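Worksheet: the structure to be examined is printed underneath.
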Amino acid sequence: MRERRTLQIHPEGAPPHPLTGVPALSLYRVDAELPDHVVREGGLPGTADVWDSRYTVTAYGMLMDRSCARAPHPAKTKEVLA
């Protein structure tokens, strides 16, 4: 199986995006037979919240989609970092 990752970075001076103020989170899709998961870093160091409910995964997925749509295209990541 080929791993796929996409890196998009919002420039520091850009307007707020839908995930502004949300703790760091990851969306995981492991296998078609397992539910997707959202892992959100908790308030205390080394802690995290993990959800697999369809409602929560969909809600965070929609926020992630909107945030990605506002970010510069992944091909421009090097420019944003420079």
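The values are calculated or read from the model by the stated rules, or taken from the named source; none is laboratory data. None of these values were measured; they are calculated from a predicted model. FYI the Cβ positions are ideal-geometry reconstructions off the backbone, even for glycines, and counts take in every protein chain you see. Areas reflect the complete protein model, heavy atoms only, side chains present, ligands, DNA and RNA absent. Shrake-Rupley method; radii C 1.70, N 1.55, O 1.52, S 1.80 Å.
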Filtering segment 45-73 for residues that are closer than 23 Å to E33 by Cβ and part of a helix (DSSP H, G or I) leaves a count of 9
Taking segment 32-47, which residues are in contact with a strand residue (DSSP E or B) (Cβ under 7 Å, 6 or more places away or on another chain) and more than 14 Å from V22 (Cα to Cα)? D36, H37
Suppose we keep only residues that are closer than 17 Å to R5 by Cβ, under 17 Å from the mean Cα position of the chain (by Cα) and open to solvent by 100 Å² or more (accessible area, probe 1.4 Å) within segment 28-82. Which one would you say is modelled with the lowest pLDDT? R29
When P16 is run through (1) part of a loop (DSSP other than H, G, I, E, B); (2) open to solvent by less than 60 Å² (accessible area, probe 1.4 Å), the failure sits at (2)
